[in-house]
């Protein structure tokens with residue numbers, strides 16, 4: 001089970017706990033906020049509740065934590081694009097609650113093998129669906145030209161983050177733009193590392209109709225002549241991200257499209273469940289100016305003739321127009 005690094009700007013300090021066989025409880029301080037859990041483990045009256053500043057944010061049976069917890073994570077620095085393998089639910093269930101419960105010895109927490117309560121839909125459930133879909137590719141595509149290459153490629157690209165850029169219930173994205181905003185969708189960030197990553201999206205331009213999964217790079221890419229801007233990634237970019245040789249492309253490309261359609265039949269229903277349970281009205285995304293403002297550049301990498309400026313929050317900024325001795329930010 002991956003617990004990840006604590007990404008919130010404030011530490012969680014344990015205040016007190018009561019290790020009682022009938023009603024266990026613990027309290028912690030998170031910045032100026034108080035987190036409180038209560039656990040009644042008896043099978044006939046099992047109850048597990050989490051309170052934030054006295055307000056109930058989770059109890060057994062709910063599909064995720066309440067919006068106040070998501071908003072707190074946002075306020076304390078959590079960014080879905082920057083902090084892989086974590087979402088607010090996993091910060092709560094895999095990090096905060098185990099820390100709160102570390103002095104409770106009477107009963108194990110009511111969590112399943114994913115480190116979450118049964119019935120919760122979060123990043124971990126989407127990751128599990130992705131792994132099931134990838135496992136199925138090896139059996140399904142073993143006889144197809146390029147099939148094993150494609151299956152191995154997807155196996156080398158774990159799902160690291162799910163980023164929503166729209167709110168279907170309000171018909172506006174998380175920045176607050178209405179339906180006239182041209183891009184709506186959900187993005188799956190894949191990769192063994194942030195420096196070699198690719199993105200799948202199910203997005204549409206308003207007015208074109210239909211939603212389908214396709215390779216996508218947030219922010220797009222500049223083509224070789226430096227004059228044309230394109231958002232869709234070539235399938236061979238996935239080979240590069242998986243650390244595989246870009247060979248056999250004639251059979252890889254059609255097999256890639258077939259595998260993507262098969263894989264997303266497994267993953268898409270879970271993504272939809274995740275979207276349906278995700279609290280709305282939490283602004284995760286800022287415009288580029290606000291996103292990069294007041295951040296330091298901590299590293300610079302050159303990849304395929306472009307510079308990547310690595311910021312202190314883990315995000316990277318692609319720089320076009322790189323010339324010897326100078327860097328121009330578009």
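Candidates 146, 136, 61: the one that is under 20 Å from residue 271 (Cβ atoms) and more than 15 Å from the chain's Cα centre (by Cα) is 136.
Out of the range 32-53, which residues are outside any strand (DSSP E or B), at pLDDT below 95 and touching a strand residue (DSSP E or B) at 6+ places or on another chain (Cβ under 9 Å)? The answer is 41, 46. Considering only residues in the range 1-31 that are modelled with pLDDT of 90 or more and assigned to a loop (DSSP other than H, G, I, E, B), the one that is farthest from the chain's Cα centre (by Cα) turns out to be 31. So is residue 106 farther than 22 Å from residue 273 by Cα, modelled with pLDDT under 90 and assigned to a helix (DSSP H, G or I) or not? When the stated conditions are applied, residue 106 does not pass them.
Taken together, the residues in the range 122-180 that are at pLDDT 90 or above and assigned to a loop (DSSP other than H, G, I, E, B) amount to 4. Touching a helix residue (DSSP H, G or I) at 6+ places or on another chain (Cβ under 8 Å) and surrounded by 21 or more Cβ atoms within 10 Å (Cβ to Cβ): does that describe residue 123? So residue 123 fits the description; yes.
The values are calculated or read from the model by the stated rules, or taken from the named source; none is laboratory data. Since the model is a prediction, treat every value here as computed from it, not as a measurement. Neighbour counts are summed over all protein chains in view; Cβ atoms, including those assigned to glycine, are modelled from backbone coordinates with ideal geometry.
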